[in-house]
Amino acid sequence: MALLRKKIISANWKMNITASEVSPYLTAFLEEIKGINEVDVILIPSFTSLPKTSELLSSLQGIRLGAQNISSHDKGAFTGEISAVMLRDLFVHHVLIGHSERRHLFGETNTIIHEKMKISHLNQMNPILCVGETLEERRSGKEKQVIEHQLREAFSGLSVNQITHTMIAYEPVWAIGTGQTASVEQAQEAHFFIRSLIEELSDASVSQKIRLLYGGSVTPENSEELLSAPDIDGALVGSASLDPRSFAKIVVQAQRNCTKE
Ligand code: 13P
């Protein structure tokens, strides 16, 4: 019997939404998602907006907080870095690791990403590991090879329990911020491939439990179709999450999708 995985809709605000914009955002967002209880929502603000978001979410059940990055070091002389302990202090439960903007604009290698995976798990933070190919890699038919390499490096040496407490976001680089979403078939194929690889790296029960998110130009117009694919358990939303009403629509659709199943 297929295991029912709870849907997750996550907002990656990237370098948008200041601390003083958080409160009006949440007021509008919470109004729109009243009665939604079958979807996990994760908000991922910038570091400077994390304390305010954490404070405002503290009394709310069901909405979790994530960070966009984490230091691969424990503590010490690392100017400008933010440690796992600092994030936990703000009740941050999730952290994006290996987002393509970190990989491609800030030179994060698979080795750094692996270190960040280890430190997150050591501090009981659940990572959302991002993987995905560039347009060039897809055009040359290498997308699975790239995803496999990214996954194997990130998960190397991690325990089955740590793999279970990780989410994976498939974000094809060519679909991020471009308005060009992957087709449902392309996204489903990649997700199915990732799930099969997780089975190989852990076991069948973990691969059925682990939640896989799709990211790349997700909007209220295309989220319903994407979320209906069997291996797509959620969405990681960039631009469309900056408007609380449009992000709320995606959450509401995800709940509708759950109740249909
Ligand atoms: P967009 O939704 O703006 O394409 O961004 C996706 C993304 O990078 C989420 O992490």
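The values are calculated or read from the model by the stated rules, or taken from the named source; none is laboratory data. No experiment lies behind these values; they were computed from the predicted model shown. Cβ atoms come from the backbone with ideal geometry, glycine included; neighbour counts cover every protein chain shown. Side chains are part of the model used for accessible areas, which takes the heavy atoms of the whole protein and leaves out ligands, DNA and RNA. Shrake-Rupley method; radii C 1.70, N 1.55, O 1.52, S 1.80 Å.
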message = Is it the case, given these coordinates, that GLU225 is acidic (Asp, Glu), within 16 Å of the ligand (Cβ to nearest atom) and farther than 30 Å from GLU21 by Cβ?
response = yes
key: Any hit, segment 19-33, residues being without any contact (Cβ under 8 Å) to a residue 60 or more places away in the chain, open to solvent by less than 70 Å² (accessible area, probe 1.4 Å) and of a type in the set (Ser, Thr, Tyr)   = yes
Total residues in segment 174-188, condition open to solvent by 10 Å² or more (accessible area, probe 1.4 Å), touching a residue at least 40 places away in the same chain (Cβ under 8 Å) and more than 9 Å from the ligand (Cβ to nearest atom) = 3
task = Would you be able to say whether some residue in segment 146-155 is away from the ligand (no atom under 16 Å from the Cβ), open to solvent by 10 Å² or more (accessible area, probe 1.4 Å) and either over 19 Å from GLY98 (Cα atoms) or not in a helix (DSSP H, G or I) (or both)?
result = no
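Is it the case that some residue within segment 167-177 is in contact with a Cys (Cβ under 6 Å, 6 or more places away or on another chain) and acidic (Asp, Glu)? Break it down into steps so the answer makes sense when it comes.
Of all residues in segment 167-177, those in contact with a Cys (Cβ under 6 Å, 6 or more places away or on another chain) come to 169, 171.
In the following step, the residues that additionally are acidic (Asp, Glu) were identified as 171.
Yes - at least one qualifying residue is present in segment 167-177.
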task = Hey, can you tell me all the residues within segment 54-74 that are open to solvent by 20 Å² or more (accessible area, probe 1.4 Å) and in contact (Cβ under 8 Å) with a residue 12 or more places away in the chain?
result = LEU56, SER58, LEU60, GLY62, ILE63, ARG64, GLN68, ASN69, SER72, HIS73, ASP74
key: Restricting segment 189-222 to residues that are within 16 Å of the ligand (Cβ to nearest atom) and without any contact (Cβ under 8 Å) to a residue 40 or more places away in the chain, the residue that is most open to solvent (accessible area, probe 1.4 Å)   = GLU221
ask   = Residues in segment 117-144 that are away from the ligand (no atom under 16 Å from the Cβ) and open to solvent by less than 10 Å² (accessible area, probe 1.4 Å): how many?
value = 3
message = Given (1) open to solvent by less than 20 Å² (accessible area, probe 1.4 Å); (2) in contact with a helix residue (DSSP H, G or I) (Cβ under 6 Å, 6 or more places away or on another chain), identify the lone condition not met by THR48.
response = (1)
query = Do you know which residues across segment 103-116 are open to solvent by 50 Å² or more (accessible area, probe 1.4 Å) and either in contact with a Pro (Cβ under 8 Å, 6 or more places away or on another chain) or within 15 Å of the ligand (Cβ to nearest atom) (or both)?
reply = HIS104, LEU105, PHE106
key: Conditions (1) open to solvent by less than 30 Å² (accessible area, probe 1.4 Å); (2) more than 15 Å from the ligand (Cβ to nearest atom); (3) hydroxyl-bearing (Ser, Thr, Tyr): number failed by SER100   = (2)
